[in-house]
1. Give the percent of DSSP beta bridges with both residues in chain B that are antiparallel, rounded to the nearest 5.
2. Report the far tail of the P(r) of region B:131-224, meaning the percent of Cα-Cα pairs longer than 18 Å.
3. With each pseudo-label sitting 7 Å past Cα toward Cβ, what's the B:LYS265-A:LEU60 distance in nm, one decimal?
4. In which sequence would B:MET77, B:MET169 go, from the one with the fewest C-beta neighbours within 10 Å to the one with the most?
5. For a footprinting-style exposure proxy, rank A:ASP66, B:ASP82, B:ASP174 by other Cβ within 10 Å, fewest first.
6. For region A:23-36, just list the computed ³J(HN,Hα) in residue order, Karplus coefficients 6.51, -1.76 and 1.60, θ = phi - 60°, integers in Hz, with x standing in for Gly and Pro.
7. For the protein assembly as shown, with the dipole built from +1 on Lys and Arg beta-carbon atoms and -1 on Asp and Glu ones, taken about the Cα centre, which of B:SER48, A:VAL61, A:GLY44 lies farthest toward the positive end?
8. Among the aspartates and glutamates, select those whose C-alpha is under 15 Å from the C-alpha of B:LYS210, and discard any that sit fewer than 8 residues away in the same chain.
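Nothing in this text is a laboratory measurement; each read-out follows from the coordinates by a stated rule. Here the structure is a predicted model, which means the values were calculated and not measured. Methodologically, a virtual Cβ is constructed for each residue, glycine included, from the backbone with ideal geometry; neighbour enumeration extends over all protein chains shown.
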Amino acid sequence: MNKVITFDKSAKVAILELFGKTVDAQGYIVNKGNSAEKVLAADGEPLEIAQFAGIKKGSLVFVKSDINSVVSLADEIQ
Amino acid sequence: MAFLEWLGKVIKDFKPFDGAVQIHITNNSTTNTTTNTYDGNIVSYKNSIKEINLAVLSDELKKELTSLLPSAIDDGMILLEDNTQKLILELKQGEQQQDIRIVLDFLKPKISQEDLNIWRAALFMRDCYRKNDKTKTQRLKYQIMQKYGDKGRNITNLCTAEYVEKFLMPLHADLAVSHPDDAGRIFLKFYDLLVDKLPFSVFVCSKMSKIDIIVEIEHKKRYGVKVIYIHGIGAANIDKIRDAIRDLEHNSECEIEKKWEEENKTVVASIRFKIPATKNLQN
């Protein structure tokens, strides 16, 4: 089996919910129990749902969809 | 129960050790789950792709998935949106192209990993530009600039204008002959100055006026360089560059020798100031 599990746009929020996250009124990903606590992407910036592109290892690293994150991620994927 | 075991439980004909098997997650309540379903939860399609539809997954299975997925990620599995996976594949395919490979192989042993990543992104952007995909080119350039600021913008401009091939590679070859013991250090010094300050290049964008171009050229003269290259794309930018050089020729206190190379609405104008450089870049 491929080590990458893909998902489409329709599953973004449902996947986040599997990890105890949700989306606040401004579109940022936050912790379900504490909506003031924004989820940060690997670059340390708060992550918007529109930019959410996945989750990888490292105490759950939330991946952004921009080209810079893609370049960093490319070598990790076969 | 491990994640793979769980997949075997919910996916019909699941073969965990078949490298071609791709798991895909959707959340589509309108999917017709009566076709190719297994326990009404999984839709299997295109043979090697097995899809988990969260919208129709039972509460019990969803609960199990919630407890198993984080540990699967910890074991090295990656969850990735389709579009991002597609982008990664495009990037990797692009990096197999000879023109990109040559640049990356040249830069890799010479610059930092962070800079190399900017160049990788910029080369991907250049490829989109050459394929005439304007929207994607602009989006990628914006993303690179958003993360890396002026340096990101400079590298995208240098990359599009082929500075690695036309300037850095010949420079390194010359240095390897003239300074065999110190070529790497001197090269890096030039490289850093180039990507941080663009000491001898002006990239004209639509927001710049003729005056902005002249100011920028005058600013570059402070680095003591003898030649300044002015790049522009599109008729409006080319006209502004022509006007700016004309003004400089009339008003500058030093004599100017100019060269003009224009092709496919892209121009590289070089102007040589005949006053000797006041500052040596190698110092």
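1. Here the antiparallel bridges make up roughly 70 percent for chain B.
2. 57
3. 4.8
4. Placing the least packed residue first, the sequence is B:MET169, B:MET77.
5. Going from least to most buried by this count: B:ASP174, B:ASP82, A:ASP66.
6. 10, 7, 4, 8, x, 8, 7, 9, 6, 4, x, 9, 5, 7
7. Working it through, the farthest residue towards the positive pole turns out to be A:GLY44.
8. B:GLU218, B:ASP239, B:ASP243, B:ASP247, B:GLU249
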